[in-house]
């Protein structure tokens, strides 16, 4: 398989003003490393507020002006600078946003899916393609002339998916695509992601829904307070095998089938993360230097117990 996306040691921080005119550099994502191959679904799994969506914004080049981005993002082996991101986003890399509010409430559905055209011929080609994609996702011709307020939640989600697919992208970023949907719509949305992967499209699924991740992903990237702490095969997570990091193990044990075993404490907020391991305060068996030294992600695990060479 061809590696589509390669994210290496990416960190994202923001300049914030505190009391008076004092500034602080708030790091939200630290040393993030992951990759996605063609036809693969990689789920980035983490709680709300952990910084997952910023990864999507960094790849697409739509971070706010006060963001500081470090590290390297490659697409098809080529480094993505801001100019390259602007050239390929919406084309080779498309976003399925988490909110249906991304739809223009004052514009008919077909018009906003098709977008701007330089020639009449281009518009005709886009109209034909838009209708084929809509038919694939069960959206009748009546939907073309509807406004967003006339759509059900499931229909709106299918429109967003169709919009992302119009340009034949190689990589889809699905940012929290299932919140607020009923169970049937959730299942439909996940099936659509599977169909994309079957068509050899790489899918980055950003979610806090552990069941969505387990349903469709090939691998799961565990996100904690802006850190990737472990990347595991989905099969291993389902079976509870080969889970090394204590947080990954805690997530597995907290599943209903395992009796809702909860871990004391909470995920530290950005700006409150200790100097050492971000999971130090909740770990049952930390090493003596875990509170002073921060582990790196080596062989898909960020933990000194398994990376003693550090």
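Here is how the numbers come out for the structure above:
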item	result
Number of positions in the range 113-133 that are within 19 Å of residue 192 (Cβ to Cβ) and either out of contact with any helix residue (DSSP H, G or I) (no Cβ under 6 Å at 6 or more places or on another chain) or in contact (Cβ under 8 Å) with a residue 40 or more places away in the chain (or both)	4
Index of the failed condition, residue 104 passing every other in (1) under 23 Å from residue 38 (Cα atoms); (2) part of a loop (DSSP other than H, G, I, E, B); (3) touching a helix residue (DSSP H, G or I) at 6+ places or on another chain (Cβ under 9 Å)	(1)
Qualifying residue in the range 7-14 (condition: in contact with a strand residue (DSSP E or B) (Cβ under 9 Å, 6 or more places away or on another chain) and either free of Cβ contacts under 8 Å to residues at least 24 places away in the same chain or within 13 Å of residue 171 (Cβ to Cβ) (or both))	yes
Yes/no for residue 38 being touching a strand residue (DSSP E or B) at 6+ places or on another chain (Cβ under 6 Å) and touching a residue at least 12 places away in the same chain (Cβ under 8 Å)	yes
Qualifying residue in the range 66-80 (condition: farther than 16 Å from residue 7 by Cα and surrounded by 15 or more Cβ atoms within 10 Å (Cβ to Cβ))	yes
Test set (1) modelled with pLDDT under 85; (2) buried (at least 20 other Cβ atoms within 10 Å of the Cβ); (3) in a strand (DSSP E or B) - residue 50 fails condition number	(3)
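Residues are listed down the side, and each one gets a yes or a no for (1) under 16 Å from residue 33 (Cβ atoms); (2) in contact (Cβ under 8 Å) with a residue 12 or more places away in the chain:
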site: 183; (1), (2): no, no
site: 201; (1), (2): no, yes
site: 204; (1), (2): yes, yes
site: 207; (1), (2): no, yes
site: 217; (1), (2): no, yes
site: 228; (1), (2): yes, yes
site: 238; (1), (2): no, yes
site: 241; (1), (2): no, no
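The values are calculated or read from the model by the stated rules, or taken from the named source; none is laboratory data. Keep in mind that this is a model prediction, so the values were computed, not measured. Don't worry about glycine lacking a Cβ; one is built from the backbone with ideal geometry, like all the others, and counts go over all protein chains shown.
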